[in-house]
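Before any comments, here is the structure.
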Amino acid sequence: MVALPSINITTPSAGKVVVGIASLIALAVLWPFYTVPTGYRGVVMQFGAIKGIEPEGLVILPPWQKLSTFNVRAEEAGVENAEGATSDQQPVKVSLTVRYSIAPDKVAEVFEKYSRNGDLASYVQTATQEVFKAVTARYTAPDLIASRAKVSNDISAGLKVKLETYGAQVINIDMRNFSFSGDYMNAINQKVTQEQLRLAAENKVKTVEAEQKQKVAIAEAEATALRAKADGEAYANLKIAQAQADALKVQNAALAQNKDVLELRRIEVEKAKAEKWDGKLPQNLYASAPIPFLSMDKTK
């Protein structure tokens, strides 16, 4: 049996494939183009050290540098059942939602010390619980209930100072489920109920007093009107009596001044009657009848 010589066949296409693959690997390793999305910053790393911070957009880097994206958008950290105590030793709990973001000028510091992606939720939760305890200790339980808005502002102010250490800034805080112990809340409810009953009783008394004052005012007004009417009538009667008295005075004065005139008039009347007499005496004389005037002529 004759052995055939081996033939080594090399195809040009296989070499091109190998070169293409090697080129792609090299291109992937040495790719200089990077993109920083909106709401992020690019942290430029060179052999594990931070070399710079890039803004949003296209970034071109040499092969020995790498880019890590870092979130600077608003983030939320939830704090459930944070515990504290008031100045009068009443335990209190609250649940909060803290919205925060990384200050753009603190990206390198936060990336190096606290977070590689901008998530500081654990730090925010711890800081919020500490601030809540410090703030509630400044208030009594009744003041804490009455001044909830001020308490929220105090927590926000304290948390802003606290989070500056971590390069974060507070956007806002929402307080939820603000509560005390069950016994204290029952006592508060009873107190509120008693206060409402007291106010209702006071309002009822005020209403009755107002009604009584109104009735008194009406009675006084009616009495005043009656007095005014009586005074008016009495005054009118007095004026009438004075007028009548003055008239009588005038009449009496006139009569006194004209007494002689009246006597003359009477004589004139009697003379006229005598002149009209025919000389005959009345046949019947009455006791009250006047006796005719007789003129006796002595010459006859």
Check region 39-49 and report whether any residue there is outside any strand (DSSP E or B), more than 43 Å from the chain's Cα centre (by Cα) and of a type in the set (S, T, N, Q).
no
Kindly evaluate residue 165 against the criterion of being within 30 Å of residue 53 (Cβ to Cβ) and either of a type in the set (Ser, Thr, Tyr) or in a helix (DSSP H, G or I) (or both).
yes
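Table: residues versus (1) in contact with a Cys (Cβ under 7 Å, 6 or more places away or on another chain); (2) over 20 Å from residue 164 (Cβ atoms); (3) of a type in the set (D, E, K, R).
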residue: 45; (1), (2), (3): no, yes, no
residue: 55; (1), (2), (3): no, yes, no
residue: 63; (1), (2), (3): no, yes, no
residue: 74; (1), (2), (3): no, no, no
residue: 86; (1), (2), (3): no, yes, no
residue: 119; (1), (2), (3): no, no, yes
What number of residues in region 31-69 are of a type in the set (D, E, K, R) and in contact with a helix residue (DSSP H, G or I) (Cβ under 8 Å, 6 or more places away or on another chain)?
1
Identify the single condition in (1) touching a strand residue (DSSP E or B) at 6+ places or on another chain (Cβ under 7 Å); (2) farther than 16 Å from residue 76 by Cβ that residue 113 does not satisfy, given that it satisfies every other one.
(1)
Note on region 66-110: residues buried (at least 17 other Cβ atoms within 10 Å of the Cβ), over 31 Å from the mean Cα position of the chain (by Cα) and of a type in the set (S, T, N, Q) are 69, 71, 101
Criterion: in a helix (DSSP H, G or I), surrounded by 11 or more Cβ atoms within 10 Å (Cβ to Cβ), among the small types (Gly, Ala, Ser) and not assigned by TED's automatic domain parsing to the domain that holds residue 147 - qualifying residue of 219, 187
187
Please state which one of 204, 113, 133 is exposed (fewer than 12 other Cβ atoms within 10 Å of the Cβ) and in the same structural domain as residue 82 (by TED's automatic domain parsing).
113
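The values are calculated or read from the model by the stated rules, or taken from the named source; none is laboratory data. Predicted, not measured: the structure shown is a model, and the values here were computed from it. In this analysis, Cβ positions are derived from the backbone assuming ideal geometry, glycine residues included, and neighbour counts consider all displayed protein chains.
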